[in-house]
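Here's the structure we're looking at; comments come further down.
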Amino acid sequence: MASMSSLISPPFLTKLSSKPQLKQSSLQILQPSLPQNLIPSSRPRKQRLYVAAEERTSTVAVPSSEADRRLYIGNIPRTVNNDQLKKLVEEHGAVEKAEVMYDKYSGRSRRFAFVTMKTVDDANAAIEKLNGTKIGGREIMVNITEKPTAQVDLSVLQAESTQFIDSPHKVYVGNLAKTVTSDILKNFFSEKGKVKSAKVSRVPGTSKSGGFGFVSFSSEEEVEAAISSFNNAMLEGQQIRVNKA
C-alpha cells in the first residue's frame, strides 16, 4: 500500500509545475500574434512628430503678413465702389478684401483704395497685370502698401493733412512726381488764382507720395481757370492731370 506522502506529493508537484508551463505556453501563443509594427512602437511615433515639426517649420519659414498682400490702388474713377473694384482685381488673383476710400465730409470717393489679396503671389500678379492700365479712361497705379518706418515723422504728415483747408471749390491733381510737396503744389497753382490750400496725399503710415493731391480755391471760377490752365501741364518733370474733385 502506498504511503500517504507518495499519494499526495505527485499531484501537488504536478499542480505547481503546471503554472509556469501555462504561462510559458500562453506567452508563446500570444507573442507571435502581436502585429510586427507594434514591437518597435517608438519609431513610428518619432516619425510622426518629425513630420509635424517639418510642417511647422515650413509654415514659419514663408511668412505672409497682411502688409505683404495689401495693395494700394490710386486714381480710380469716382464711380467705382468696393464690389466693382473687387471683381476687377479678382480677374488676376484671389481677393480677401477691397475698400474704396471716401471723403468723410462729402461722402465722395477719394479715388484711391486698398485691396488685400489672399497670397503674396496674388498680390504680385495683380500689380503686374493692373499697374498702368486704364479704368474708365483713368490710368491707375497699383503697388504694395508700405509699412511705417522709424525714419518717418508721422506727426509732421498728420499736421500737413489737418492743415488742409477743404472747400467745395477744389481740383484733383493726378500723376504727381514723387518730389512734389504740398508747398510746391500750392505755389504752382497760385500762379492762376487764389489758392486756399493744397495737399499731396500720402500712402497711409508712410512719407511716400500717393501720386495725387488736392487744391482748394475760393470760387468755382478759379477752379475752372485752374483746370484750363494746368491740365496736362508739366510739374517737376511730369505731365499732371487736373479736374474737378
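Read-outs throughout are calculated quantities, based only on the coordinates presented, and are distinct from any laboratory measurement. Computed from a predicted model, the values in this text were never measured in an experiment. Because the Cβ atoms are built from the backbone with ideal geometry, glycine has one as well, and the counts that use them run over all protein chains shown.
Structure notes:
- Whole-Hz Karplus values for the stretch 74-87 come out as x, 6, 7, x, 5, 7, 6, 9, 4, 5, 5, 5, 4, 5 Hz, taken residue by residue from phi with 6.51 cos²θ - 1.76 cosθ + 1.60 and θ = phi - 60°; glycine and proline positions read x.
- What the Cα atoms of the stretch 64-144 give is an Rg and a Dmax of 11.9, 37 Å.
- Residues with amide H under 5 Å from that of ARG110, placed H, sequence gap 5 or more: MET101, TYR102, ASP103
- Sequentially through the stretch 97-106, phi angles give Karplus couplings (6.51, -1.76, 1.60; θ = phi - 60°) of 7, 10, 9, 7, 8, 10, 5, 6, 8, 8 Hz, Gly and Pro residues having no value and appearing as x.
- Distance from the stretch 193-245 to the stretch 90-128 (C-alpha centre basis), Å: 23 Å
- Stretching the chain fully between SER190 and THR133 yields a gain of 17.3 nm (0.36 nm per residue, less the alpha carbon separation).
- Simple spin-label estimate for ASN231 and LYS178 in nanometres, 7 Å along Cα-Cβ: 2.9 nm
- Spacing of the two label points (7 Å from each Cα toward its C-beta) at ASP121 and GLN239, in nm: 3.9 nm
- Lys pairs under 19 Å by Cα in the stretch 170-244, provided they are eight or more residues apart or on distinct chains: 19
- When the alpha carbon gyration tensor of the stretch 170-244 is reduced to an equivalent ellipsoid, its three semi-axes come out at 20, 13, 10 angstrom, largest first.
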